[in-house]
Amino acid sequence: MSYSLSMIDNFYAAVDNITKLLVPVTGILGVADFYVSDSCATSTISSTPGYHCNWFTRMFWQHWFELDHVYLHPSRRNYLEHMFSPVKAFNGRNHFVIPYMVQIPYYVWIGKRQSAQPLTNSSKQSGWTRLPYNPAKPEHTQFSTYIYGFTWEDPQADIAALDLHSGDNIMVITSAGDNALAYAAHTNGLTIHCVDMNPCQNHLLELKLAALSTLDYSQFWSMFGIGRLPNFEKVLDTELSAELSLPAYQYWRSHLDTFASNTSNSMLASLVSLGRHNLYTTGYSGLALRCLAVVTKLLGVSKDLEQIAGASSLTDQIKIWCSRVSHNLLSSTSIHILDNPLAIWRLMGVPSNQLKMLHNEGSMSQYVRDTLDPVFLSTHISGNNYFYRMLICQQYSQTCCPDYLTEPAFGKLQEIARNKQDTTFHIHTATIVDTLQKIQPGELSKAVIMDHMDWCTPDEADAEINALKIALKQGGFVLWRSAARIPWYVANFKALDFKVEAIAVRQPNTQTALDRVNMYASFYRATKL
């Protein structure tokens with residue numbers, strides 16, 4: 001039904017007749033039309049991003065279209081979604097009159113009869129399940145994009161500490177999904193619960209899983225290695241959409257420019273993107289990359305960093321770092337920017353609680369030096385440190401990239417993503433406590449919570465540790481990283497009968513990195529006794 005539901009006088013009868021005509025299980029109804037929303041959510045679809053129209057839009061377009069005997073009253077779409085189970089939907093705005101000023105709401109919608117299984121805010125695909133959630137909840141609506149376009153913890157160190165075995169049931173914070181994919185590529189037979197309160201982080205993981213399931217390696221590399229896919233809109237609609245949950249599809253359909261090359265020749269566009277636009281320059285982490293590019297240009301070290309990213313040996317890299325980069329990049333101006341709570345949250349995702357922990361054990365100047373000097377003095381950036389190569393180049397190379405982007409890992413992960421028998425990934429859009437409460441007591445083998453505990457208040461930490469204790473089996477353990485050498489919540493774990501051990505602690509003025517990121521001062525394990 002293309003631009004017709006809004007024109008039918010007796011639309012209730014029309015929709016009723018369609019339900020009788022469609023084949024019960026496989027019959028599909030497609031609708032493309034203009035609409036206006038109710039003032040409040042009345043259905044599952046109405047809580048998805050882009051659905052709601054503001055008061056002026058609702059009033060103006062409804063009366064404007066009525067002048068031409070076209071009726072956009074919300075009851076039409078509401079009744080459609082009452083009679084049919086949505087499978088996919090996209091809520092958009094038509095900008096054809098005056099771009100970004102005149103915005104006519106429209107929707108493209110696919111549904112099945114109510115007797116069929118609905119696929120709204122949840123999605124069960126071959127090798128993964130996106131658990132249902134309510135996108136209208138405040139804890140989710142606070143996020144309009146992802147904070148992390150790439151994961152900033154080293155999976156090599158995780159895998160060494162995790163001692164993964166087939167049958168392990170583990171929980172990880174989703175972030176960009178890179179490390180969860182690395183674990184699955186490393187060990188067969190895992191069950192991985194990926195949890196993130198930010199829906200956009202899970203949309204990103206879903207996109208990677210959908211791409212693994214449907215695309216070939218060259219397309220997958222283009223999307224997540226280079227961060228660009230010129231025909232992304234076509235690929236999304238024709239290949240990826242069937243694998244995505246409704247909120248994930250809506251998000252990516254509304255962010256088609258994420259994978260588009262920057263074709264603008266304007267000075268403003270060049271300044272904003274600094275010559276590159278791709279997946280990795282989007283989100284909060286993308287803002288950090290763009291700001292870093294500006295700062296390194298202003299400090300006069302951008303060309304030197306590019307030489308480091310291409311250095312053929314660690315010796316050459318060290319020479320460039322010590323003679324031309326270190327003293328400029330670690331200047332008081334750079335440190336002052338990072339020591340601002342708002343700047344460090346926006347640019348690096350460091351919350352105020354974590355910043356306090358850092359200051360309790362030293363200065364920002366010492367922390368930054370202890371982070372960067374060991375990385376550039378002991379790890380080869382162009383050889384195997386894809387984290388810092390990404391900061392400099394804003395994309396990966398096929399010889400220096402995350403595990404999941406290598407061709408052998410792609411083949412293994414594609415088998416997992418297409419597996420119709422076993423679900424490897426369970427994607428939870430929820431808090432850690434809410435997720436743990438849904439897991440059967442004693443079912444969880446291991447948990448990786450990154451630096452999340454640094455964000456918590458004492459009460460939040462106690463609630464989370466208690467939930468971990470219930471969900472973990474005897475001998476199961478939790479891994480975490482911290483900005484502090486001795487995090488205050490170690491005592492909280494011990495009080496709840498966990499054995500706590502430091503896997504690695506970074507000492508001041510060291511020249512040896514804890515791992516390839518070396519961003520955190522410590523790496524801990526807490527085992528349930």
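The values are calculated or read from the model by the stated rules, or taken from the named source; none is laboratory data. Computed from a predicted structure; not experimentally measured. Ideal geometry is used to build each Cβ from the backbone, glycine not excepted, and the neighbour counts take in all protein chains shown. Heads up: the accessible areas ignore ligands, DNA and RNA and are worked out on the full protein's heavy atoms, side chains in. Shrake-Rupley method; radii C 1.70, N 1.55, O 1.52, S 1.80 Å.
The figures follow:
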| quantity | calculated |
| --- | --- |
| Label-point gap, in nm, between Ser2 and Ser323 - each point 7 angstrom along Cα→Cβ | 6.6 nm |
| Net length gained if the chain between Ala495 and Glu361 were fully extended (0.36 nm per residue, minus Cα distance) | 45.9 nm |
| Backbone HN-Hα couplings from phi across segment 448-454 [Karplus 6.51/-1.76/1.60, Hz, Gly and Pro as x] | 10, 10, 6, 9, 4, 4, 4 |
| Burial ranking of peptide ranges 355-365, 227-237 (average Cβ count within 10 Å, highest at the top) | 227-237, 355-365 |
| Residues Lys137 and Lys234, FRET efficiency given R0 of 30 Å [Cβ-Cβ distance, rounded to 0.05] | 0.35 |
| Lysines with Cα under 23 Å of Lys303, excluding same-chain neighbours fewer than 8 positions away | Lys319 |
| Segment 169-221 and segment 231-259: distance between their alpha carbon centers, rounded to Å | 17 Å |
| Stretch gain in nm, segment Tyr106-Ser144, where the contour uses 0.36 nm per residue and the Cα spacing is subtracted | 11.6 nm |
| Reachable lysines from Lys469, criterion Cα separation under 20 angstrom, eight or more residues apart if same chain | Lys438, Lys446, Lys494, Lys499, Lys528 |
| Å² per residue, accessible surface of the chain at 1.4 Å | 43 Å² |
| Surface share of carbon and sulfur [accessible, 1.4 angstrom probe, percent] for segment 177-246 | 50 percent |
| Cβ-Cβ FRET estimate between Trp55 and Arg418, R0 fixed at 45 Å, reported to 0.05 | 0.45 |
| Which of Leu329, Thr406, Asn340, positive extreme of dipole for segment 311-435 (C-beta unit charges) | Leu329 |
| Carbon plus sulfur fraction of accessible area for segment 470-522, probe 1.4 Å, in percent | 51 percent |
| Highest average packing first - 397-403, 416-422, Cβ atoms within 10 Å | 397-403, 416-422 |
| Value of [θ]222 nm, deg cm²/dmol, for the chain, DSSP H segments ≥ 4, -39500 (n - 2.57) each, nearest 500 | -11500 deg cm²/dmol |
| Those lysines that a straight Cα-Cα span of less than 23 Å connects to Lys208, excepting residues fewer than 8 apart in one chain | Lys88, Lys124, Lys234, Lys412, Lys420 |
| Kirkwood Rh, Cα atoms: Rg over Rh of segment 373-529 | 1.02 |
| Cα gyration tensor of the chain - equivalent ellipsoid semi-axes, whole Å, descending | 43, 28, 22 |
| Debye, to nearest 20: dipole size of the chain, +1 on Lys, Arg Cβ, -1 on Asp, Glu Cβ | 240 debye |
